[in-house]
Structures are given as C-alpha cells and as structure tokens.
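Q: Mind having a look at this structure? Questions to follow.
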Amino acid sequence: MEEAKMARKALIWSMVMGLALSFIANHVYGDHSLVGQFSGSHYHDQIRKMQAFKDSFTQPSTAPSPSYTQQPQAAFSARVYHVTSYGADPTGKRDSTEAVLRAISDAVQGSSEGLLMEGIKNLGGAQVNLEGGNYLISRPLRLPATGLGNLMIHGGTLRASDDFATDGYLIDLSTSSTSNNNEENGGSSMGAQLSSSSSYNYEYITLKDLMLDSSYKGGGIAVRNSLRTSIDNCYIAHFTSNGILVQGGHETYIRNSFLGQHITAGGDHGEKMFSGTAISLMGNDNAVTDVVIFSAAIGILVSGQANIISGVHCYNKATGFGGTGIYLKLPGLTQTRIVNSYLDYTGIVAEDPVQLHISNTFFLGDAYIVLKSINGVANGINIVDNMFGGSDKGVDIVQLDQSKGPFKDIKQVVIDRNNVKGMNIKATVARGSVNGVGNSWVMDFNRVLVFPNLISHVQYSLSSTSSQFPNHALRNVSNNRVQIQTSLSVSASVFVIVDQWVAN
C-alpha cells in the first residue's frame, strides 16, 4: 500500500515537472516570445493553474475539482495623455490641432483631487505629453474650461501653420470672454460651470520643455488672469506680437527659457528690423529668471507691479538701432527689481520710476539706463553696484528723458557705487577737491550729478598751510556748483562731498 502511494506521488511530480518544462520552453523558444516576458503576469497565471492541477491529484477524489478564478485588478489611470494616441502627427506634416485638443480635453475631465484656490479644480498633476514630436497647429490651444489647476503640458514642439491667426497664441490660457474660439473648442458650458466661483481662470498650470515656433503668426504663450503658472525650459521663436504675454493674475514664473523673433546669436544683419516683444508682464508679482532674449524690439515690457527680473541676458536689439532691453512702463508705481542680469548693447527705460531697484547687473556696449519723465516723478530708486562698459564715446551711464517735462518730485534716489569703463559716470553722490591760493573755491558737479540744479547736502573740509588760519564758510550752492569762501587769501586745499538725496 505504501509503495502504491509513493508511485502515485512520483507520477504526479513527473507530470507537474513536464508541464513546467513545457511552459518554460514555450516562453523561451516560442514564436512570439519577448525578452523579460517570463516574469510577467501571464507567467504567474500559468503557475497558479499548475498548482491547481497538482491539487486535483493530491486531494481526495470526493472533493469537488477546484477551478482557478483570476482576481480582478483595481482600475487605474496613469493620467498621462499621449497626443499621438489621439491621432496627432509627430512629424509635423499634418495638422494636429484637433488631436492635441482632444488630449487636453480628456486630461482636464479626469477625477478631481480636491480644490486649490476656491473654485479651482485640482487635476492631480495630469500631464499632456507631446512625446518629443513636432506638431502643426492651426489655431490656439486652449483648455476647454476655466477653473482648472495642477496640469502639465510638456515635451515637444508646436509650430503655427500658414493659416494661424496673426493675433493668436499657440498656447492661450484665457477665458471665453477673452478668446474668440473658446466655444468652437467645445468648452464654453463646462467653463461656465467651473469658473463661476473662482476669481482666477487657472492655477498651477505648468508649460515645460516646449519649443514654440509661431511662424511669424502671432505669439507663443498667453497667460491671462491665472495664478502660479510655471513656464520652464521653453524655446519660443518667430513671434510677431509677444513671445510670452502675462495679463492680470499673480505669480507667473518664467525661467530657464530662450526667446527670439529671429533665431540668431548676435550680429544679425537684419537687427534693425527686429520687432515684437519677447516677454510682456501686464500683471503683478511675477518673476523672470535665467532667461535669454536674443532678438526682439523690446526684451521685457513691464506694466505691472512688484515684478522681479533676475539672471536675464538681453541682446534683443541694440539701443543704437532703437531697441530696449527692459522697458518699465508703469509711471508712478514701478515696484520692480532688476538684479544679476546682463544688458548687452541694449538698456533699461523706466517711466516715472517709483520703487525701482537695479543692482549687480552688467551693461555692455554703451548700454545705459534712462529715467523718463511722464509726470515728473522719481521716488525710491536704487541704482547701485553695477558694471558699465563702453567704447569711450562719451555716453552717460544714467540719462534723463525730460522731453515731456522735467522731474519735479525727486525723493530717495540713490545712484552710486557703480564701476565704469569707457563711459561717463553719473551719480547722485559726488566728490571733488581743489587746490590753490585765494579766498574763493568753486567746484562744478554737473559732470557727475544726475539731476540738474539739485544738491541737498554738502560736506567740506579746508586745509591750509598759511601761518594764519582763516574763517571759512559755504557761500553758495546753485546749478550743481558749490562755492567755499575764506576771510583771508590763503594757500589751501578744499575737499567737498555732495548728494542729491531728498527724504520724504
């Protein structure tokens, strides 16, 4: 009896091992085998079936024959939407507008992960993946609704077609009221539903690793009334209006990007004809960081408050050709900081600057700063610790444009500690000395001082080698000139420090 049981067990193991070897051979030598497939889910299914087959022999014959039932897997969506799955052509030969819009539409209609700002649906980090393709676009790409957040579009090239609207943007984050094509994109009703309780259109939309070719048909990216938008590692070219437009909203961060109307690396023979604006900031609390602007009439146009520009290299269009690197066009409420940047043959213009800080910036090729009077206001200005390099043509590093009227309200302006080579230094603090024999010493500071006929404070010292030390006094301060007078004619050296600081 014992020998019969042993024989039965040996027969069972022989059959099981035979099935296993057959299964392995099928995976290794089968016609449709793939490397790495042996450890997949199909392998585990076969193992379970073999175990069930084995159990059918070892269990008593009266027991019902067990059958294997695969446990259903939990439904899961990766929330990454590949545009080629929707029919987009990554070669750029066919129009991919509809396919990309369908991918965007699916991405924004996924499940909500709670709210961001009130009325902003959190899409949980859904991604529209362009898969490194080059896609032809015939009209602006817009989200089908407002009131959305936490979405990324990344990883490819978008190129405007020949019939793209000249006033459009390849990517346009706007509402139905600011875009004519919102309804034809199929999102008007959904937008009304989602945006009714939100004061912003979108929050935390990320546009990353993109090349946008506007084909001289409009602009690259428009961000309207949105919050915490990130534009990162983008290359935007061939725009005629704006490379990036930020209108309203708060906290759009533009970083690690390259913008130019024409693709060039300087010295372009057509530089005089450059037009358009690379970045237009018409909103508050935005940041432009580590950005290169290599061709445009205006590099950065700022008409909103409390923006910061850092690590920017502008060589968009030389001042001599009519270009401006950074134009601050918010008279009376500038509140802009420009630091650690490089103005390369193109300068900065600030209209009626109020609370403007420029420091640690390099101005090359006779590039300079213009304070432009609109209503005659210049308050709270720091232009300090910069470097200026020129070609000995007598260009002042800071200049006044008073063509619309003189500056009359001048307070808390400090222009000092800038080092200059090949240009004329201008400052609100000046120092001078004069030696000679006489009883009157006059020093003219017009060559250095920025504002005409404005000296607020004077400090001087008089050193005489005469046997008699005279009485002396500050006799006159006018037209940026200082006169020191003594009671006796003596041989003396006079040292003078003046500044144009006016407190509130």
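The values are calculated or read from the model by the stated rules, or taken from the named source; none is laboratory data. What you see is a predicted model, and the numbers here were worked out from it, not measured in a lab. For neighbour counting, all protein chains shown are included, and Cβ atoms are generated from backbone atoms with ideal geometry for every residue, glycine included. Surface accessibility is based on the protein's heavy atoms, side chains included, excluding ligands, DNA and RNA. Shrake-Rupley method; radii C 1.70, N 1.55, O 1.52, S 1.80 Å.
Q: Excluding F388 itself, what net charge comes from residues whose Cβ is under 15 Å from its Cβ, given Lys and Arg +1 and Asp and Glu -1?
A: So the surrounding residues net to -2.
Q: Quick one: compute the contact order of the range 268-327, relative version, from alpha carbon pairs under 8 angstrom and 6+ residues apart, as a percent. Walk me through the numbers before you get to the answer.
A: On the way: 131 pairs, mean separation 22.1, N = 60.
That works out to 37 percent.
Q: In terms of the Cα gyration tensor, with a ≥ b ≥ c the square roots of its eigenvalues, is the range 425-465 rounded because a/c is under 1.5, prolate because a/b exceeds b/c, or oblate?
A: Prolate shape, in that a/c is at least 1.5 and a/b is the bigger ratio.
Q: Starting from the amide H of V370, placed 1.01 Å from N in the peptide plane, find each other amide H under 5 Å away whose residue is 5 or more places distant or on another chain.
A: Here I348, V349, A350, Q399 satisfy the definition.
Q: Given axes a ≥ b ≥ c from the Cα gyration tensor, I'd like to know whether the range 78-151 is rounded (a/c under 1.5), prolate (a/b larger than b/c) or oblate. Show your work: numbers first, answer last.
A: Numbers: a/c = 3.12, a/b = 2.04, b/c = 1.53.
Since a/c reaches 1.5 and a/b is larger than b/c, the shape of the range 78-151 is classed as prolate.
Q: When the accessible area of the range 229-327 is split by element with a 1.4 Å probe, what percent falls to carbon and sulfur?
A: Working: 1720 of 3170 Å².
On the range 229-327, the fraction of accessible area on carbon and sulfur atoms equals 54 percent.
Q: Enumerate the amide H contacts of Y81 below 5 Å, restricted to partners 5 or more residues apart or on another chain; note that Pro and chain-start residues carry no placed amide H.
A: Q127, V128, N129
Q: Further, regarding this structure: For the range 303-312, in order, what is each residue's ³J(HN,Hα) by Karplus, 6.51 cos²θ - 1.76 cosθ + 1.60 with θ = phi - 60°, in whole Hz (x at glycine and Pro)?
A: 10, x, 8, 6, 9, 10, 10, 9, x, 9
Q: Another one. Could you tell me the distance between the Cα centroids of the range 88-113 and the range 229-262, to the nearest Å?
A: Centre-to-centre (Cα) distance: 21 Å.
Q: Within the P(r) computed for the range 320-447, what percentage of the Cα pairs occupies the region above 19 Å?
A: 50 percent
Q: Further question on the same structure: Whole number in Å², please: accessible area per residue of the range 97-172, 1.4 Å probe, ligands, DNA and RNA not counted.
A: Roughly 33 Å² per residue, with all protein chains present.
Q: If amide H atoms are built 1.01 Å from N in the plane of the peptide, which residues on other chains or at least 5 residues away come under 5 Å of the amide H of S215?
A: Here A160 satisfy the definition.
Q: Okay, moving on. Probe 1.4 Å, all protein chains in place: accessible area of V442 in Å², nearest 10?
A: Per-residue accessible area (V442): approximately 80 Å².
Q: Quick one, can you get me the convex hull of the C-alpha atoms of the range 256-350 expressed as volume per residue in Å³?
A: 80 Å³
Q: Suppose the Debye formula is applied to equal point scatterers at every Cα of the range 377-485; what is log10 I(q)/I(0) at q = 0.16, 0.18, 0.22 Å⁻¹?
A: With one equal scatterer per Cα and no solvent, log10 I(q)/I(0) is -0.85, -0.99, -1.24.
Q: Okay, moving on. For a Förster distance of 56 Å, can you work out the FRET efficiency between the beta-carbons of S138 and H457, rounded to the nearest 0.05?
A: Details: r = 64 Å, r/R0 = 1.15.
The pair S138/H457 has a calculated efficiency of 0.30.
Q: At a probe size of 1.4 Å, how large is the accessible area of M211, to the nearest 10 Å²?
A: Accessible surface of M211 is approximately 70 Å².
Q: Using a Förster radius of 25 Å, what is the FRET efficiency between N233 and F362 based on their Cβ-Cβ separation? Nearest 0.05, please.
A: 0.55
Q: Please report, as a whole percent, how much of the solvent-accessible surface of the range 401-486 comes from carbon and sulfur atoms (probe radius 1.4 Å).
A: On the range 401-486, the fraction of accessible area on carbon and sulfur atoms equals 42 percent.
Q: Here's a follow-up. Give the value in nm², to one decimal: projected area of the alpha carbon convex hull of the range 441-504, averaged over all directions.
A: Details: hull surface 18.6 nm².
Hull-based average projected area comes out at 4.7 nm².
Q: Starting from the Cα gyration tensor of the range 198-283, take the square roots of the eigenvalues, sort them a ≥ b ≥ c, and report rounded, prolate or oblate (rounded when a/c is under 1.5, otherwise prolate if a/b is larger than b/c, else oblate).
A: Taking the square roots of the gyration eigenvalues as a ≥ b ≥ c, the range 198-283 is prolate.
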